[in-house]
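I have placed the structure first, in the form of structure tokens, so that the comments after it can refer back to it.
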Amino acid sequence: MEITLGPLSAIPPGEGRAFAVGEERIAVFVARDGRVFATQATCPHRGGPLADGLLGGCTLICPLHTQKFNVETGEALNGGEGLRTYPVRVSATDQILVRIEEDGG
């Protein structure tokens, strides 16, 4: 299922914002080059608010303990558990759309 989160203009380039989507919290990031990424909203290591982290290119740094992640793949760049990522796109009307997989059973 694809969910509309809001206008792309709500997230300045180089920053992230957290959204509640049902029972899930998702962080959406807009890179300075205009690419958009979506991941789980909290760090799997210490629960840090990832939307408040530092984004450089595809690298996100957790604000609590400097754990680094690739926001495109979810990979933990200095070891440990990675992030769940979500397919995200921007519509023709500049709305952020994220795809959430519905549980099959």
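The values are calculated or read from the model by the stated rules, or taken from the named source; none is laboratory data. Predicted model, so just to flag it, every value in this text is computed and none were measured. As a convention, Cβ positions derive from the backbone with ideal geometry for all residues, glycine included, and neighbour counts pool all protein chains shown.
Here are the numbers for the structure shown:
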quantity: Matching residues, the stretch 57-86, being free of Cβ contacts under 8 Å to residues at least 12 places away in the same chain and within 25 Å of L97 (Cβ to Cβ); calculated: E75
quantity: Residue in the stretch 62-83 that is surrounded by the fewest Cβ atoms within 10 Å (Cβ to Cβ), counting only those that are of a type in the set (A, V, I, L, M) and modelled with pLDDT of 95 or more; calculated: L77
quantity: Any hit, the stretch 16-26, residues being in a loop (DSSP other than H, G, I, E, B), of a type outside the set (D, E, K, R) and either at pLDDT 95 or above or buried (at least 17 other Cβ atoms within 10 Å of the Cβ) (or both); calculated: no
quantity: Qualifying residue in the stretch 6-13 (condition: in a strand (DSSP E or B) and within 12 Å of the chain's Cα centre (by Cα)); calculated: no
quantity: Matching residues, the stretch 32-48, being without any contact (Cβ under 8 Å) to a residue 40 or more places away in the chain and either among the aliphatic types (A, V, I, L, M) or over 20 Å from K68 (Cβ atoms) (or both); calculated: G34, A41
quantity: Breaking point among (1) touching a Cys at 6+ places or on another chain (Cβ under 9 Å); (2) acidic (D, E); (3) at positive phi, for E72; calculated: (3)
quantity: Residue satisfying all of: in the stretch 84-105; surrounded by 12 or more Cβ atoms within 10 Å (Cβ to Cβ) and aliphatic (A, V, I, L, M); modelled with the lowest pLDDT among these; calculated: I100
